[in-house]
Amino acid sequence: MTALFPNYQRFNFEIISGQGVTLTDETGKKYLDLTSGIGVCNLGYNHPIIKQAVQKQLDLVWHTSNLYQSSLQEKVATALIQGTDKKVFFCNSGTEANEAALKLARKATGKTKILAFDHSFHGRTYGALSATDNSAIKAGFGPLVPDFEFAKYNDFASLNAITTDLAAVILEVIQGEGGLVAADGKWLKAVEKKCHENGVLLIIDEVQTGMGRTGKLFSYQLFDLDPDIMTLAKGLANGIPVGAMIGKEKLAAAFGPGSHGSTFGGNPLAMASAAEVLQIMDQKFLDNVTQKADFCWYYLQKEIAVLPMVEAITGHGLMIGIHLDPKIPVGQVIAQLQQAGVLTLSSRGNTLRLLPPLVITGSEIMTGINQIKQVLEQMTVLK
Ligand SMILES: Cc1ncc(COP(=O)(O)O)c(C=O)c1O
């Protein structure tokens, strides 16, 4: 019996502790984690610097309110805007960050229409869900927010949908829930140009792609984009709930006092953690992620891409989708990998998704990939 709503389909074990890239369940069984808690614990578990910063803040105060000044929020915001002319709003999750972005876009432009793309995922509150192209998770919750439209991702014909009557275009540079589809750089640049020409704000959702996952702090930096608004959450505080909406200074007037808010947004524990996360993720750290990702892709091509049941491997950096033949159900692969002591995720289609902590080593990457190979090969034998 459970006292919880059945909205999550849970595996029948519980993670009770973690260290580095290793998680331990209630029986003492250890797992190599290739999930980061769905792209959250990018610096792994029990990171000493993060833990110390959160513990120090815990001893001072763990909640005040946004009625008072916050030097911690200022510190994190300053690190996020990296010397650019931008402002930051803190909240508690990715969906809240997108909700703030959509509200800001409507208020700042005085327009209501939002363009999103097929297979997008932006969250589950009404605004974010309205920008999400997944009929299964929308079912039964209508009517959603009006004036949301969808166009085809990565398709130049979709540029025709970017017209002056739009408030904003919202997109992910790599669709995480949507099957690890990476956007084409030229298409992204063309979308940005069309937005600028038509007075349409470009919102980039970096909730899953951000915080070092692609070897850049934010994935839009891979393509030298200049979003008007960006949203973050997941990895920003390495597991302490947080979200952030970062927008150009010119939009600030639309978010004047009382226009938007959050009781918990910018919580001191989350900010103490985020400040350290951002300090750790310097250029050297990010270059190291790129090197590891290059090795990971090399090894994936060598060991996994050649397997008969693997249709394609997509994604970028340490955000990876292994697309499997429908005869090998990804749910079974995940279960077998759990038995073998490796945690993985799924994504749209029959896709095995890997989001390892960015602190994973080369030899841990090899261990994980070798296990995946072994499980996939065994499953073919069973078929
Ligand atoms: C791209 C993207 N946007 C938004 C969200 C929603 O974030 P949250 O679950 O923190 O509300 C997610 C979650 O997976 C995501 O991947």
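The values are calculated or read from the model by the stated rules, or taken from the named source; none is laboratory data. Note that the structure is a prediction, hence the values are computed from the model and not measured. With ideal geometry, Cβ positions are generated from the backbone for all residues, glycine too; neighbour counts draw on all protein chains shown. Side chains included, ligands, DNA and RNA excluded: accessible areas come from the protein's heavy atoms. Shrake-Rupley method; radii C 1.70, N 1.55, O 1.52, S 1.80 Å.
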For residue 305 and residue 259, extending 7 Å from Cα along the Cα-Cβ vector and measuring point to point gives, in nm, a value of 4.7 nm
Share of accessible surface on carbon and sulfur in the range 284-350, whole %, 1.4 Å probe and ligands ignored, is 54 percent
Dipole check, the range 27-130, charges on Cβ (K,R +1; D,E -1), about Cα centroid: among 128, 109, 43 the Cα furthest to the positive pole belongs to 109
Length gained if residue 164 through residue 339 is fully extended, taking 0.36 nm per residue and subtracting the Cα-Cα distance, is 57.6 nm
Ordering 261-271, 128-138, 54-64, 240-250 by per-residue average of other C-beta atoms within 10 angstrom, highest first, gives 240-250, 261-271, 128-138, 54-64
Taking 0.36 nm per residue of separation between residue 291 and residue 55 and subtracting their Cα-Cα distance, the length gained on full extension comes to 81.7 nm
For the chain, the longest principal axis of the Cα atoms and the Cα long axis of helix 48-60 enclose an angle in degrees, to the nearest 10, of 50 degrees
Note to self: with every protein chain in place and a 1.4 Å probe, the range 48-280 gives an accessible area per residue in Å² of 43 Å²
With a 1.4 angstrom probe the carbon and sulfur portion of accessible area for the range 48-280, in percent, totals 56 percent
In the range 48-280, taking the dipole from +1 charges on Lys and Arg beta carbons and -1 charges on Asp and Glu beta carbons about the Cα centre, the listed residue (163, 148, 63) farthest towards the positive end is 63
If the chain between residue 30 and residue 312 were fully extended at 0.36 nm per residue, the gain over the current Cα-Cα distance would be 98.6 nm
Burial-style ranking of 42-50, 314-322, 281-289, average other-beta-carbon count within 10 Å with highest first, yields 314-322, 42-50, 281-289
Sorted on mean Cβ neighbours within 10 Å (highest first), peptides 191-201, 30-40 come out as 30-40, 191-201
For residue 152, the aspartates and glutamates lying under 14 Å Cα to Cα, once residues fewer than eight places off in the same chain are dropped, come out as 118, 133, 172, 184
Heads up, the range 171-276 by the C-alpha gyration tensor (a ≥ b ≥ c square roots of eigenvalues; a/c under 1.5 rounded, else a/b over b/c prolate, else oblate) looks oblate
Everything considered on the Cα gyration tensor (a ≥ b ≥ c; rounded for a/c under 1.5, else prolate if a/b is larger than b/c, else oblate), the range 224-297 must be described as oblate
Answer in debye to the nearest 20: the dipole magnitude of the range 133-230 about its Cα centre, from +1 Lys/Arg and -1 Asp/Glu charges placed on Cβ, is 240 debye
Measuring from its Cα centre, the chain shows a charge dipole (+1 at each Lys and Arg Cβ, -1 at each Asp and Glu Cβ) which, in debye to the nearest 20, is 180 debye
Classified through the alpha carbon gyration tensor (a ≥ b ≥ c as square roots of its eigenvalues; rounded if a/c is under 1.5, else prolate when a/b is larger than b/c, else oblate), the range 48-280 comes out prolate
